[in-house]
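*Asks:* Pasting in a structure now, in structure tokens, and then I'll have a few things to ask.
The values are calculated or read from the model by the stated rules, or taken from the named source; none is laboratory data. In this text, all values refer to a predicted model and were calculated from it rather than measured experimentally. So basically every Cβ, Gly included, is an ideal-geometry build from the backbone, and we count neighbours across all protein chains shown. Please note that ligands, DNA and RNA were not included when accessible areas were found on the heavy atoms of the full protein model with its side chains. Shrake-Rupley method; radii C 1.70, N 1.55, O 1.52, S 1.80 Å.
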Amino acid sequence: MRAPRVAVVGVGSIGSMVLWQLSRSGFDAVGFEQFGTAHDRSAAGGESRMFRTAYMEGANYVPLLKEARKLWAELEDESGLELLTMTGGLMIGPRDHYKIANVIQSTQDFDIEHEILEPADVAERFPQHILDEGEVAVLDHEAGLIRPELAVFAAVDAAERRGAVVHRHARVDDIVEDADRVQVVVGDDVHDFDAVVVTAGPWTPRFFPALADDLVARKIVMTWYLSDDPARFTPGAFPVFGRVGGVIDTFGVPSLEGTMTKIGSVNTFGDISDPDRLGRDIELDELTHINNEVSRCINGLRPDPARISVHMDGYTTDEHPVVGKAQGSERITVMGGYSGHGFKLAPVMGRIGCELATTGETSFAIPHMNPQRFDA
Ligand SMILES: Cc1cc2nc3c(=O)[nH]c(=O)nc-3n(C[C@H](O)[C@H](O)[C@H](O)COP(=O)(O)OP(=O)(O)OC[C@H]3O[C@@H](n4cnc5c(N)ncnc54)[C@H](O)[C@@H]3O)c2cc1C
């Protein structure tokens, strides 16, 4: 029997990994990407992403994260590139905050190497952070940073070397399914497939209008700060961190180029009605909250960003992604709405996308990602 021919619509963070997994499993895989590969115009740009295993968003992600870590290592082996650098990660917040409870639950339910640090321990071991009374830091030894542009490049390159085809600067206008096939329409060209995986990030509702109320594009801004003492913010000295319970939630990644440290805001900068029109300018007064939080929580950074970059992601109303067969479809899989925390999961999502497209099922437990959960 002929192996299924599968299209991947959107070769970004997740699509690149679906393509890699399809090609690794011997399927005939074809990607369509409206821009070039490894671009920074939606969710994959901005130099770094956090990888965490003790998970703020829920312990049910931990098996996926453990598998993702293995797959990151396999992609590193295959590409010869360093994609995931383990630095450890500090998850900081009030002891009774639900996200800190999720982190601790993750460490209890699964075998995650970790330490629980009181403010005095943090002051001694990680004096860059200022903790308040009542706050705690969980040091997740299974955390680190990922290089997102390089990761997309590596996955696409690995897929192409195994025979996958990628159409770059090919914007998909429509996806049309009938009983025997599904067609991908790009301008005047129509391509036939057995199955399609839609990994269109913030553009996902274009293909699934029924999701439009529950999956929206949001602007996310990242900011880099200079330090008088950059050695204190290198990967060896400054673990990645996530911090909750302040005026805004923040995260940080050590300096990769040696001078600037990325401290980002988890909070988004509002919904975007049209992802084709992401405004990439930002008013400095919009950054006040994050600058204030840098002053309040971090020792040794100058609280005015030296670099700013603007991106977006698809957000669902419950901030869990939408992964599964599209409503009423046998042949179309939707994978979107990663809500600001999808990059670390990308390789395992690649495996899930490959399984769903070629068998209709997945071996991973993802009921919280069911696309039909929003139906009234
Ligand atoms: C600033 C920022 C910081 C983040 N930090 C973290 C972090 O630290 N850790 C973490 O795990 N996650 C993080 N995330 C979240 C993570 O990056 C995203 O959840 C993830 O990248 C989403 O991937 P995606 O494939 O859905 O979207 P994308 O990577 O945007 O891919 C979608 C692709 O589809 C293409 N496309 C869309 N429509 C079409 C069409 N019609 N035809 C052809 N191609 C099309 C787009 O051009 C794009 O390449 C962050 C996100 C942002 C924006």
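*Asks:* How do 136-146, 25-35, 121-131 rank on mean C-beta neighbours within 10 Å, highest first?
*Replies:* So the peptides 136-146, 25-35, 121-131, ranked by packing, come out 136-146, 25-35, 121-131.
*Asks:* How many Å² of accessible area per residue for the chain, probe 1.4 Å?
*Replies:* 40
*Asks:* Give me, ordered by chain and number, the residues 5 or more places off GLY31 or on other chains with an amide H under 5 Å from its own placed amide H.
*Replies:* Amide H neighbours of GLY31: VAL8, VAL165, VAL166, HIS167.
*Asks:* Would you mind computing the Rg to Rh ratio of region 225-376 from its alpha-carbon coordinates, Kirkwood style for Rh?
*Replies:* Checking Rg against Rh, the ratio lands at 1.06.
*Asks:* What order do you get for 363-369, 294-300 when each peptide is scored by the mean count of other beta carbon atoms within 10 Å, highest first?
*Replies:* Per-residue Cβ counts within 10 Å, averaged per peptide and sorted highest first, yield 294-300, 363-369.
*Asks:* While we're looking at this one, here's another question. Over region 141-288, what is the relative contact order in whole percent, taking alpha-carbon pairs under 8 Å and six or more residues apart?
*Replies:* 17
*Asks:* When the Kirkwood radius is taken over all Cα pairs of the chain, what Stokes-Einstein diffusion coefficient follows at 10 °C and 1.306 mPa s, in µm²/s?
*Replies:* Answer from the Stokes-Einstein relation: 75 µm²/s.
*Asks:* I'd like the FRET efficiency for ARG307 and ALA123, computed as 1/(1 + (r/R0)^6) with the beta carbon distance as r and R0 of 22 Å, rounded to 0.05.
*Replies:* It comes out at approximately 0.15.
*Asks:* Under the classification rounded if a/c is under 1.5, otherwise prolate if a/b is larger than b/c and oblate if not, where does region 238-284 fall, given a ≥ b ≥ c as square roots of the Cα gyration tensor eigenvalues? Walk me through the numbers on the way to the answer.
*Replies:* Values: a/c = 2.69, a/b = 1.53, b/c = 1.75.
It comes out oblate by the Cα gyration axes.
*Asks:* Calculate the radius of gyration of the Cα atoms of region 162-203 to one decimal place, then report Dmax, the largest Cα-Cα distance, as a whole number, both in Å.
*Replies:* In order Rg, Dmax, the Cα atoms of region 162-203 give 11.0, 30 Å.
*Asks:* Tell me, in nm to one decimal, what length is gained between ASN267 and ILE130 on full extension, where the rule is 0.36 nm per residue of separation less the Cα-Cα distance?
*Replies:* Details: separation 137, 0.36 × 137 = 49.32 nm, distance 2.05 nm.
Additional length available on full extension: 47.3 nm.
*Asks:* Something else now. Report the Cα-based extents of region 171-305 along its three principal axes, largest first, to the nearest Å.
*Replies:* 62, 30, 26
*Asks:* Set the Förster distance to 45 Å, then compute FRET efficiency between ASP109 and ASP189 from the Cβ-Cβ distance, nearest 0.05.
*Replies:* 0.40
*Asks:* May I ask for the net charge around GLU330, where only other residues with Cβ less than 13 Å from the Cβ of GLU330 are counted and Lys, Arg are +1 while Asp, Glu are -1? Working shown, then result.
*Replies:* Numbers: positive: ARG181, LYS325, ARG331; negative: GLU177, ASP178, ASP180, ASP194, GLU361.
Charge balance near GLU330 sits at -2.
*Asks:* Tell me, what does the Kirkwood hydrodynamic radius of region 1-69 come to in angstroms if you use every pair of distinct C-alpha atoms?
*Replies:* Working: mean 1/r = 0.0706 Å⁻¹.
Kirkwood hydrodynamic radius for region 1-69: 14.2 Å.
*Asks:* If you roll a 1.4 Å probe over the chain with all protein chains in place, what percent of the accessible area is carbon or sulfur?
*Replies:* 48
*Asks:* What percent does the relative contact order of region 279-376 come to when contacts are Cα pairs within less than 8 Å and at least six residues apart?
*Replies:* 23
*Asks:* With a Cα-only, solvent-free Debye model of region 68-172, what are the log10 I(q)/I(0) values at q = 0.11, 0.14, 0.15 Å⁻¹?
*Replies:* Normalising to I(0) and taking log10 leaves -0.52, -0.71, -0.76.
*Asks:* Any idea what the relative contact order of region 43-148 is, in percent, if you count C-alpha pairs under 8 Å spaced at least 6 apart?
*Replies:* 43
*Asks:* In whole angstrom, how far apart do the alpha carbon centroids of region 319-376 and region 151-174 sit?
*Replies:* Their Cα centres are 20 Å away from one another.
*Asks:* Also: With all protein chains present, calculate the accessible area of HIS289 using a 1.4 Å probe and round the result to the nearest 10 Å².
*Replies:* Looks like 100 Å² after rounding.
*Asks:* Find how much the distance from ALA231 to HIS141 grows on full extension, using 0.36 nm per residue of separation minus their present alpha carbon separation; answer in nm with one decimal.
*Replies:* Separation in residues times 0.36 nm, less the Cα-Cα distance, equals 30.3 nm.
*Asks:* Another question about this same structure. For a protection proxy built on the mean count of beta-carbon atoms within 10 angstrom, sort 331-337, 180-186 highest first, please.
*Replies:* Listed from highest to lowest mean packing, they are 331-337, 180-186.
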